[in-house]
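Take a look at the structure set out below.
The values are calculated or read from the model by the stated rules, or taken from the named source; none is laboratory data. Just so you know, these numbers come straight off a predicted model, no measurement behind them. With ideal geometry, Cβ positions are generated from the backbone for all residues, glycine too; neighbour counts draw on all protein chains shown.
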Amino acid sequence: MSTTVQAAPIRHFLQFSDLNKEEILYLLHRARVIKDHFKNYQPHHTLHDRTLAMVFEKASTRTRVSFEAGMYQLGGEVINLTANDSQLGRSEPIEDTARVISRMVDIVMIRTFEQSRLERFAEFSRVPVINGLTNEYHPCQILADIFTYIEHRGSIAGKTVAWVGDGNNMAYTWLQAAELLGFKLHISAPQGYTLDQNLIGTPDPAVFQEFTDPMEACRGADLVTTDVWTSMGFEDENEARRKAFADWCVDSDMMAEANADALFMHCLPAHRGEEVSADVIDGDQSVVWDEAENRMHVQKALMEFLLLGQLDD
Ligand code: CP
Ligand code: NVA
């Protein structure tokens, strides 16, 4: 008599809330183990013989390098595709692309435009799919940001994060993280650039508070964070945004409203003199370089988790 072994359901990471609190805490713990191995030159080849395909429909420096270096460090291989050098740029449907790529590799990371495009890819993928940034979410970045906060200050639960600037993919993901991990999110965005209620519903006021004045949003914050005024794909709005966001530059006066030990983060790339002053991003409270490096460590933990599940240290 033969027995049928049921394959485990595929897990994707399309938005932060695709994982539950226990899984996110596991990833943060596992990233610490993985980073320590990396810093001590200890091999960590848990994904030997596995292949990651990366699909970029928008530009990238950090996401490209952190996923590629990370997969090599796990013992795996990487294939990089962009819209221009693949048939995606010649209108091959995303569903067909997903069917084909996912028969040949073990895991896929995509950076694209609408979240719905990523979801269509995932629906037709035989392997786990990771969101490497969409118009709506940037979950790998927030995983790295929270890991970085914990690395410098300990648990983020009960703390206050101030988001100053555009109600964009980063801001939406911070809100999902706040709801999951139990910290408070203050958001200040210019009129017309706040979070869309259709996407966020009615968040618990104990978790989410909006401010018209960015100084007020920073008051008592443990972490102040911002991002470019114009995200990729919205370049036509550049001039209008420059005007609208003029008062939303994180400078030393704004940082002075936050707690004395507050950190500053920015997912990068940054524009000094626009969303952040040079003295803040290059100053003592800024942890942006650790934040960028930590992308690699959390994503190694994430790829391991999606392919192998939770592992013992
Ligand atoms: N923060 C971030 O995702 O950077 P890249 O656009 O360079 O990948
Ligand atoms: N919000 C920015 C993040 C870049 C990493 C964008 O989407 O362009």
Restricting the first residue to region 80-107 and requiring it to be within 11 Å of Val55 (Cα to Cα), which pairs with a second residue that is among the acidic types (Asp, Glu) and part of a helix (DSSP H, G or I) meet a Cβ separation below 9 Å and a spacing of at least six or different chains?
Asn80/Glu68; Ala98/Glu123
Under 9 Å between Cβ atoms, which residue pairs at least 6 apart in sequence (or on different chains) link something in region 271-284 that is at pLDDT below 95 and surrounded by fewer than 18 Cβ atoms within 10 Å (Cβ to Cβ) with a partner that is part of a loop (DSSP other than H, G, I, E, B) and among the aliphatic types (A, V, I, L, M)?
none
Residues of region 150-185 that turn out to be more than 16 Å from ligand 1 (Cβ to nearest atom) and touching a residue at least 12 places away in the same chain (Cβ under 8 Å), as a count
23
Identify all residues within region 33-63 that are without any contact (Cβ under 8 Å) to a residue 60 or more places away in the chain and part of a helix (DSSP H, G or I); write none if there are none.
Asp36, His37, Lys39
Is it the case, given these coordinates, that Tyr72 is in contact (Cβ under 8 Å) with a residue 60 or more places away in the chain, within 23 Å of the chain's Cα centre (by Cα) and surrounded by fewer than 21 Cβ atoms within 10 Å (Cβ to Cβ)?
no
On the basis of being away from ligand 1 (no atom under 14 Å from the Cβ), touching a helix residue (DSSP H, G or I) at 6+ places or on another chain (Cβ under 8 Å), assigned to a loop (DSSP other than H, G, I, E, B) and at pLDDT 95 or above, does Tyr193 make the cut?
yes
Can you tell me which of (1) away from ligand 2 (no atom under 16 Å from the Cβ); (2) within 23 Å of Thr63 (Cβ to Cβ); (3) touching a strand residue (DSSP E or B) at 6+ places or on another chain (Cβ under 8 Å) is the one Val276 doesn't meet?
(1)
Can you find, within region 100-134, the residue that is nearest to ligand 2 (Cβ to nearest atom) among those that are part of a loop (DSSP other than H, G, I, E, B) and either among the hydroxyl-bearing types (Ser, Thr, Tyr) or modelled with pLDDT under 95 (or both)?
Thr134
